[in-house]
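Heads up: the structure comes next, in structure tokens.
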Amino acid sequence: MGKRHIAAFDYLRIFFCFAVVAWHTNMLGVTNMLYKTGSVNISFIDVMYYNVLLLAVPVFMQIALYLYLKNRLEKPKYFLSRIKYLFVVYIFWTILSTIILQDGGFKISYFKDWKYILTGAHTQIYFIFSLIIMTIIVEIMIKLQQLLSNRKFIALQIILLGINLAVFLFRLPIEQYVLNNEYSYLLFSFWAPTNFLPYTFLTFIAVDLQKKNKINFNLKIMCPILIVIVSVIYLEWRNLVSPINVHFEIFLMPTYGRISVILSTFIILLVAISNEIRFNSIVKKISDLTFSIFLVHYTIMLKLQVVWPGMYDRVKTSNFMIFLAVMSISLTIAYIFNKFKIL
């Protein structure tokens with residue numbers, strides 16, 4: 001493999017691919033963050049879901065943006081080919097997901113619904129739409145970088161990141177203010193592109209740190225970082241659980257728009273790019289399937305619920321079996337797509 005291949009990304013893709021399927025199939029059990037009246041008991045399962053498994057999509061986004069920036073700096077014309085590819089992938093998977101869920105039915109008029117567009121037929125394809133938007137923003141930042149000194153540019157990234165984090169910090173008051181606005185979903189829904197905006201700024205910061213060889217994770221550095229992240233997680237569980245969040249998504253706790261998620265994702269990226277891990281061809285082959293698995297698994301799960309009514313009630317003693325079923329079908333489809341080079 002070439003020097004640019006980062007083997008750590010292969011392992012991260014595989015782990016978090018399993019994580020996101022585990023989340024959607026309730027493999028660890030049903031979260032207590034589903035809306036309900038009365039007091040909410042936060043369990044260890046909730047913490048695992050929200051602070052480990054739900055890092056999956058942000059990590060995928062951060063890896064994709066990092067690799068885009070590294071490639072773009074080497075290939076000035078890379079932007080157009082990348083955007084064309086992402087757009088084709090978005091259209092293909094959106095239409096395919098719709099056909100599967102609608103039993104073969106699809107109408108071009110579906111694209112008149114802006115939520116349909118943003119969410120990719122209300123499936124995991126929202127990731128692709130957000131990735132397109134974030135890639136465009138990174139490209140704009142690259143153009144801006146050419147007009148500023150590196151010091152001023154990185155300072156700008158830090159300022160923009162700070163503003164973004166402030167929005168997430170005060171998200172509950174902001175949510176209350178925009179609650180009745182028709183387009184408020186654009187700000188705080190789990191599929192909203194705004195959730196992933198911080199990773200554009202962090203991408204430039206990570207590349208700058210890497211160039212200057214300033215990424216160093218010894219015990220003296222890791223301990224304070226872990227203390228900060230754990231403290232932020234604790235404060236979020238104390239302050240962010242609210243029925244207001246249900247207006248934007250069905251959960252009492254925000255999925256992606258949290259500072260702990262952003263910090264954890266950034267640290268994962270820095271650790272991955274600063275540690276050399278031996279390339280493994282088998283791991284790489286499995287990693288190559290994760291993108292398709294990620295995009296198709298939610299559609300498969302929804303379809304299973306239609307053809308197998310009461311699926312969760314019938315096998316509630318073993319959600320792991322549902323996880324295996326969804327993962328197996330998704331893996332098979334991903335393998336076929338990969339073998340015949342379908343996107």
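The values are calculated or read from the model by the stated rules, or taken from the named source; none is laboratory data. If you're wondering where the values come from, they're calculated on a predicted model, not measured in any experiment. Note that we place each Cβ from the backbone using ideal geometry, even for glycine, and neighbour counts take in every protein chain shown.
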Item checked: Among (1) surrounded by fewer than 14 Cβ atoms within 10 Å (Cβ to Cβ); (2) not in a helix (DSSP H, G or I); (3) not small (Gly, Ala, Ser) - the single one GLU249 does not satisfy -> (1)
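Can you spot a residue in the range 48-56 that is surrounded by fewer than 18 Cβ atoms within 10 Å (Cβ to Cβ) and not acidic (Asp, Glu)?
The answer is yes; a qualifying residue exists.
Determine whether SER260 is buried (at least 21 other Cβ atoms within 10 Å of the Cβ), assigned to a helix (DSSP H, G or I) and not aliphatic (A, V, I, L, M). If you could, list the steps in order and put the result at the bottom.
Details: buried (at least 21 other Cβ atoms within 10 Å of the Cβ): yes; assigned to a helix (DSSP H, G or I): yes; not aliphatic (A, V, I, L, M): yes.
So SER260 fits the description; yes.
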Margin query: Only one of ARG4, ARG13, ARG72 is within 17 Å of the chain's Cα centre (by Cα) and among the charged types (D, E, K, R). Can you tell me which?
Written below: ARG13
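For the condition of a type in the set (A, V, I, L, M) and farther than 24 Å from ILE286 by Cα, what is the one hit in VAL40, VAL21?
None of the other options fit; the residue is VAL40.
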Notebook entry, point to check: SER97: under 23 Å from TYR234 (Cβ atoms) and either modelled with pLDDT under 95 or surrounded by 14 or more Cβ atoms within 10 Å (Cβ to Cβ) (or both), yes or no?
Noted result: no
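If you go through the range 222-239 one residue at a time, do you hit one that is among the aliphatic types (A, V, I, L, M) and closer than 30 Å to LEU331 by Cα? I'd like the intermediate steps shown before the answer.
Step one: list which residues in the range 222-239 are among the aliphatic types (A, V, I, L, M), which gives 222, 225-230, 232-233, 235.
When the remaining residues are screened for being closer than 30 Å to LEU331 by Cα, the result is none.
No, the range 222-239 contains no residue that is among the aliphatic types (A, V, I, L, M) and closer than 30 Å to LEU331 by Cα.
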Next item on the list: Can you give me the number of residues within the range 212-237 that are loosely packed, with under 10 Cβ neighbours inside 10 Å and modelled with pLDDT of 95 or more?
Entry: 0
Check: So which residues in the range 320-335 are in contact (Cβ under 8 Å) with a residue 40 or more places away in the chain and among the β-branched types (Val, Ile, Thr), if there are any at all?
Finding: ILE322, VAL326, ILE333
Item checked: Test result for LEU131, assigned to a helix (DSSP H, G or I), within 22 Å of PHE294 (Cα to Cα), in the same structural domain as PHE188 (by TED's automatic domain parsing) and at pLDDT 95 or above -> yes
Check: Condition test on LEU147, is it modelled with pLDDT of 95 or more and not small (Gly, Ala, Ser)?
Finding: yes
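Looking at PHE190, PHE168 in this structure, which one is in contact with a strand residue (DSSP E or B) (Cβ under 9 Å, 6 or more places away or on another chain) and touching a residue at least 40 places away in the same chain (Cβ under 8 Å)?
Working: PHE168 fails: in contact with a strand residue (DSSP E or B) (Cβ under 9 Å, 6 or more places away or on another chain).
Among PHE190, PHE168, only PHE190 is in contact with a strand residue (DSSP E or B) (Cβ under 9 Å, 6 or more places away or on another chain) and touching a residue at least 40 places away in the same chain (Cβ under 8 Å).
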Note to self: Given the condition in a loop (DSSP other than H, G, I, E, B), over 25 Å from PRO254 (Cα atoms) and not assigned by TED's automatic domain parsing to the domain that holds VAL306, answer yes or no: does some residue in the range 150-159 qualify?
What the structure shows: no
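Might you let me know whether the range 301-314 holds any residue that is at pLDDT 90 or above and either surrounded by 14 or more Cβ atoms within 10 Å (Cβ to Cβ) or within 17 Å of PHE15 (Cβ to Cβ) (or both)? Working first, answer last.
Looking only at the range 301-314, we keep the residues that are at pLDDT 90 or above, and these are none.
Looking for residues that are at pLDDT 90 or above and either surrounded by 14 or more Cβ atoms within 10 Å (Cβ to Cβ) or within 17 Å of PHE15 (Cβ to Cβ) (or both), one finds none in the range 301-314, hence no.
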